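The values are calculated or read from the model by the stated rules, or taken from the named source; none is laboratory data. As the structure is a computational prediction, the values presented were derived from the model and not from experiment. Ideal geometry is used to build each Cβ from the backbone, glycine not excepted, and the neighbour counts take in all protein chains shown. The protein model used for the area step is the full one, side chains on, heavy atoms only, and it has no ligands, DNA or RNA in it. Shrake-Rupley method; radii C 1.70, N 1.55, O 1.52, S 1.80 Å.
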Amino acid sequence: MRLIHPALAGIALTALATAAAPAVAAEEVNVYSYRQPFLVEPLFKAFTDETGVKVNVLFAEKGLVERLEAEGRNTPGDLIFTVDIGRLNDVKEAGVTQPVKSETLESVIPTQYRDPAGHWFALTTRARVIYASKERVADWQNLTYESLADPRFKGKVCTRSGKHSYTVALIASMIAHHGREKAAEWLKGVKANLARKPQGNDRSQVQAIHDGICDVSLGNNYYYGAMMAKPDQKPWAEAVNVSFPNQANRGAHVNISGIALTKHAPHRANAVRLMEWLVGPHAQKIYAEQNFEYPIRSDVAWAPLLETLGTFKADELPIAKIADLRNDAARLVDEVGFDG
Ligand code: FE
């Protein structure tokens, strides 16, 4: 596996382009990744060990879609790796992907977690949970997203920006389930309950609960694992219960990490092979444990830490529906002045 870091982007592009050109190129596949090296490196190494196909990775925090657009049919990139339905949908909307028809992918990945047209596929899921103070929220197992707007939580809710893709996706799911008007009312209610202006990331909200600033916060489930693994953040995680919301009705909102095949993938066959390998039992185990996400495969064991949080009911709303409603959700955030 050859790793290419953003600082070397210019050089990397050349290297990739050269590698893609010769007729007798070694078996390889080129991945553009928004996901961090610690998450994907172990996966690609295992793939290469098992198949002999080399994986070249270009890591970046942004700009990969623009890059694919600029490279057009000369792109060396075969696959794009990312988190969040928002980003996956943006890649599709930009017209830089192509559909994949694969029995393997379709049999392993539940319908709600892949693009109906085959442009993107989920590899893992993550639940948007409510972190609830152990000391101050006794009924943490019965919380709902709707309850965050209840008067009982006046001045007790913490969250990151309403404009962050995680929040936007949750609001989109509220629109899908309740309609725009009710979702707007709810969002106003949550805003009225905020302990402070939206700020920071998911972890800093849990820190705020630990510090007594708020009682409940929104966050992705895997940050619980991440905090438990860091001695300075462990006390934050230990101050909260992880509540999977809406268990008595539709279930917890989930988002995905996923993959898409680029429109002009020069190593199409190897790329599809990697996609299919990524939903296999070995890859799924590595991927899920690395970041405390839920494997897309139902027959793969969860990370032990996730087991301790218990099973939960997930909202089965097709993730593509969330993609469709994202713009509406973002507009609501502005209308309500959620971050203001
Ligand atoms: Fe995250």
Q: Looking only at the range 249-295, count how many residues are open to solvent by less than 10 Å² (accessible area, probe 1.4 Å) and under 25 Å from Asn30 (Cβ atoms).
A: 17
Q. Using beta carbons and a limit of 6 Å, which pairs, at least six apart or on different chains, have the first residue in the range 222-235 and free of Cβ contacts under 8 Å to residues at least 12 places away in the same chain and the second one within 16 Å of the ligand (Cβ to nearest atom) and in a helix (DSSP H, G or I)?
A. Lys234/Met228
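Picking from Asn201, Asn193, which residue would you name as being polar (S, T, N, Q), farther than 26 Å from Gly310 by Cβ and at pLDDT 95 or above?
Asn193 is the lone residue from the list that is polar (S, T, N, Q), farther than 26 Å from Gly310 by Cβ and at pLDDT 95 or above.
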Q. Taking Pro99 and the conditions (1) within 22 Å of the chain's Cα centre (by Cα); (2) closer than 20 Å to Asn221 by Cα, which numbered condition does it fall short on, given that it satisfies the others?
A. (2)
Q: Would you mind finding the one in Val100, Val91 that is in contact with a helix residue (DSSP H, G or I) (Cβ under 8 Å, 6 or more places away or on another chain), over 27 Å from Ala237 (Cα atoms), open to solvent by less than 30 Å² (accessible area, probe 1.4 Å) and not in a helix (DSSP H, G or I)?
A: Val100
Q) Yes or no: Trp236 open to solvent by 20 Å² or more (accessible area, probe 1.4 Å), under 23 Å from Ala329 (Cα atoms), among the aromatic types (Phe, Trp, Tyr) and assigned to a helix (DSSP H, G or I)? A) no
Q.
What are the pairs with Cβ atoms under 8 angstrom where one residue, in the range 42-56, is in the same structural domain as Asp78 (by TED's automatic domain parsing) and farther than 14 Å from Gln284 by Cβ and the other, located anywhere, is among the acidic types (Asp, Glu) and open to solvent by less than 10 Å² (accessible area, probe 1.4 Å)? Sequence gap at least six, or different chains.
A. Val53/Glu28; Lys54/Glu28; Val55/Glu28; Asn56/Glu28
Q) Is it true that Lys163 is within 22 Å of the chain's Cα centre (by Cα) and among the charged types (D, E, K, R)? A) yes
(Q) For the range 270-277, check the following and say yes or no: at least one residue is in contact (Cβ under 8 Å) with a residue 60 or more places away in the chain, away from the ligand (no atom under 16 Å from the Cβ), among the acidic types (Asp, Glu) and in contact with a strand residue (DSSP E or B) (Cβ under 6 Å, 6 or more places away or on another chain). (A) no
Q | Failed item in (1) more than 29 Å from Val91 (Cα to Cα); (2) outside the structural domain of Ala226 (by TED's automatic domain parsing), with Lys154 passing the rest | A | (2)
Q.
Residue pairs, Cβ under 6 Å, 6 or more apart or interchain, first in the range 307-326 and within 16 Å of Ile171 (Cβ to Cβ), second of a type in the set (Lys, Arg). List them.
A. Asp315/Arg250
Q: Starting from the range 77-90, take each residue that is assigned by TED's automatic domain parsing to the domain that holds Asp115 and of a type in the set (Lys, Arg) and list its partners that are open to solvent by 10 Å² or more (accessible area, probe 1.4 Å) and within 14 Å of the ligand (Cβ to nearest atom), counting only C-beta distances under 9 angstrom and pairs at least six apart or across chains.
A: Arg87/Tyr34; Arg87/Ser165
Q. Which residues, taken from the range 151-190, are open to solvent by 60 Å² or more (accessible area, probe 1.4 Å) and more than 16 Å from the ligand (Cβ to nearest atom)?
A. Pro151, Arg152, Lys154, Lys156, His177, His178, Arg180, Glu181, Lys182, Glu185, Lys188
Q) Of all the residues that make up the range 199-230, how many are more than 16 Å from the ligand (Cβ to nearest atom) and open to solvent by less than 40 Å² (accessible area, probe 1.4 Å)? A) 5
Q: May I ask you to verify whether Ser107 is assigned to a helix (DSSP H, G or I), away from the ligand (no atom under 16 Å from the Cβ), surrounded by fewer than 22 Cβ atoms within 10 Å (Cβ to Cβ) and not assigned by TED's automatic domain parsing to the domain that holds Asn201?
A: yes
Q. Given the conditions (1) under 25 Å from Glu293 (Cβ atoms); (2) open to solvent by less than 30 Å² (accessible area, probe 1.4 Å); (3) more than 16 Å from the ligand (Cβ to nearest atom), and given that Asp84 satisfies all but one, which numbered condition is not satisfied?
A. (3)
